[in-house]
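Student: One structure follows; several queries about it will come next.
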């Protein structure tokens, strides 16, 4: 049954059958047993004459919906059950994601799509991909295949939300709408468990366009949906049903000044419009005031405040320590507003998002753990390659979503092997990765040996001999490196001209200067896929007590350096430095020792940001294991530099991705961070 279109002049509450209520509170979907899949396409790349316009609003759509579904006072979904799939390259990627989400969902599967919608010559609705073109249906997504993927779901219910032109065709293709209010009320009164069915919510009618008037905001429909979910309905109950959400979205859209009319549509199967969808944000629980004792009249608010202030003042007079040990009473009665873990970490860096979605997850029974290095595909920054440092040595391709809304999805790993296909041996300990231009091969550094090898990303086989290493980089007695603290970082410059290799700890003969480790960074010259030869060597000073765990190249003569420290009982220190190699940078290849060398013989560096200064949001916003000064902190080991942000408050900055190594330990977390850095 399709919910009827209510003319603008009519009263929605009187004509919309969703105004009917079941006795008592509505049954609500179970977020802990449901999955929400958010699919969005914004990066269209067709040519000017047959291409589709980019849809910047889609980024904001995904971020906005993800936020409300993860809000524990609204959607209530655990983070791992809200999956973001931005800019899927091919139709099978969408179908696979829908089928995987459907297999995980026991209660309700929510599927959302935003992008361009097209009508085929068969007058059916087709969705689009980044490389879809007008008049080229071979590159479109047939919604019949999407229906098939959804029908494979093991979930009791499905909620489909489409924000694209002609999206109402989905409903029309299912059959003509049936709009008798009595039938809707009958369905709601007889189905008390809402055990099965599909609810479809579309942004517009079958013959109308969907609008996104402001590229820096959500589209018209999704903007209204996010607004309704995040603000709720002051006249509603504790839970908003699907039907109530639909009615409120239509009401909100009717107030928008669009170039042409756009009205949302909905189709209800088995009375699902009465299913509780989200908690009503307008009815967020408010902590109760201290109850009055029997026979004692309640004090007016002004007198309560005065007595609270007097009590606090007396507490300070009696004992300052007691007053500081507990939060003020007024704060307990009026808690601060919810804060997200986002915002400025320094004047040049801001945290955009973080995600623990891959923590303790598996792909084909292989744990996504021990991630120690990251490298983007040079030909596109939607996929990052992560090297795992545990046995036997694997590279996981990971779809990251967008910098503003991480939607992590690990793919099957490629196991690294010798050229003849045999195992590399135990304790490979891969710590760093750099993908060469062309995206077919990667250089991988292992602390064991140590060694730098080239591998084929398709089959994992080693290609060619190991790269040459300076003699001093080898472990005693062959060199001065400390066992288990050798090569930890690799960085290929965007030009492909240079490769930079960094040691984690000082060579035995180099030592430290008042706690600042004196490290060596080796530069190579070469060509991607070809040979590399030793070039200059540079001295690098860390902050007191910190080690060098990752390098990324901004250009031929500029690096970002990731420094890390761990102290038992205190936790981690994580800092990112901006490092300059200018014409004055000194080659220290011939220096037998860096100990007691002048400071100007080391590379110049400045603090870009300290992760401890990034906002962690309200208590509980960021999961915490162990002791940390800031719950965001962890064993960060990998870092990769992404694209320049094209919109939003940090437009013009570069995106930066970081990852923690959980060491396969239940007491540590695999966490990804997305930041915007000004370079």
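Student: Please report how far the C-alpha centroid of region 650-671 lies from that of region 384-429, rounded to the nearest whole angstrom.
Tutor: For region 650-671 versus region 384-429, the Cα centre distance is 15 Å.
Student: Hey, what did region 380-530 get for relative contact order, percent, Cα under 8 Å, at least 6 apart? If you can, show how the numbers build up before the last one.
Tutor: Numbers: 345 pairs, mean separation 22.7, N = 151.
About 15 percent, as a whole number.
Student: Let me ask another. Given contacts defined as C-alpha pairs under 8 Å and at least six residues apart, what's the relative contact order of region 596-679, whole-number percent?
Tutor: After rounding, I find 22 percent.
Student: Follow-up question, since we're still on this one. Based on the alpha-carbon gyration tensor of region 545-614 and its eigenvalue square roots a ≥ b ≥ c, which shape applies: rounded if a/c is under 1.5, prolate if not and a/b is larger than b/c, or oblate?
Tutor: oblate
Student: What's the FRET efficiency of residue 419 with residue 601 using the Cβ-Cβ distance as r and R₀ = 41 Å, to the nearest 0.05?
Tutor: The formula returns an efficiency of 0.50 here.
Student: Quick check on the exposure proxy: order 670, 542 from fewest to most C-beta atoms within 10 angstrom.
Tutor: Ranked by crowding around the Cβ, least crowded first: 542, 670.
Student: Next up: With each pseudo-label sitting 7 Å past Cα toward Cβ, what's the residue 89-residue 478 distance in nm, one decimal?
Tutor: 3.7
Student: Moving to a separate point now. Applying a 10 Å radius around every beta-carbon, put 593-600, 552-559, 155-162 in order of their mean neighbour count, most first.
Tutor: 155-162, 552-559, 593-600
Student: Among rounded, prolate and oblate, which fits region 585-679 when a ≥ b ≥ c are the square roots of the eigenvalues of its C-alpha gyration tensor, a/c under 1.5 means rounded, and a/b larger than b/c means prolate?
Tutor: oblate
Student: Under the √(5λ) rule applied to the eigenvalues of the Cα gyration tensor, what semi-axes describe the equivalent ellipsoid of region 387-430? Give them in Å, descending.
Tutor: On the way: eigenvalues 153, 22, 8 Å².
One finds semi-axes of 28, 11, 6 Å for region 387-430.
Student: Can you tell me the length gained on complete extension of the stretch residue 283 to residue 45, counting 0.36 nm per residue apart and subtracting the Cα distance?
Tutor: 81.3 nm
Student: Let me ask something else. Where does each of 592, 625, 169 land when they are ranked from fewest to most other beta-carbon atoms within 10 angstrom?
Tutor: By the 10 Å Cβ count, ascending: 592, 625, 169.
Student: Another question, if that's okay. Kindly list the residues of region 203-237 that lie in the label zone of residue 258, defined by a backbone N under 14 Å from the point 7 Å along the Cα-to-C-beta vector.
Tutor: Once the point is set 7 Å along Cα→Cβ of residue 258, 203-214, 218-226 turn out to lie under 14 Å by backbone N, inside region 203-237.
Student: So how far, in whole Å, is the C-alpha centre of region 563-579 from the one of region 455-528?
Tutor: Each part's Cα centre sits 21 Å from the other's.
Student: I need 53, 504, 621 ordered by Cβ neighbour count within 10 Å, fewest first. Don't jump to the answer; show the numbers that get you there.
Tutor: Working: 53 11, 504 24, 621 17.
Sorted ascending by nearby Cβ count, the order is 53, 621, 504.
Student: I've got another one for you. Assign one of three labels to region 508-567, namely rounded, prolate or oblate, based on the Cα gyration tensor with a ≥ b ≥ c the square roots of its eigenvalues; rounded applies when a/c is under 1.5, prolate when it is not and a/b is larger than b/c, and oblate otherwise.
Tutor: prolate
Student: Kirkwood hydrodynamic radius, computed over distinct alpha-carbon pairs, for region 48-166: how many Å, to one decimal?
Tutor: The Cα-based Kirkwood calculation yields 15.3 Å.
Just so you know, all these numbers are worked out from the coordinates, no wet-lab data involved. These numbers come from a predicted model, not from an experiment. Neighbour counts are summed over all protein chains in view; Cβ atoms, including those assigned to glycine, are modelled from backbone coordinates with ideal geometry.
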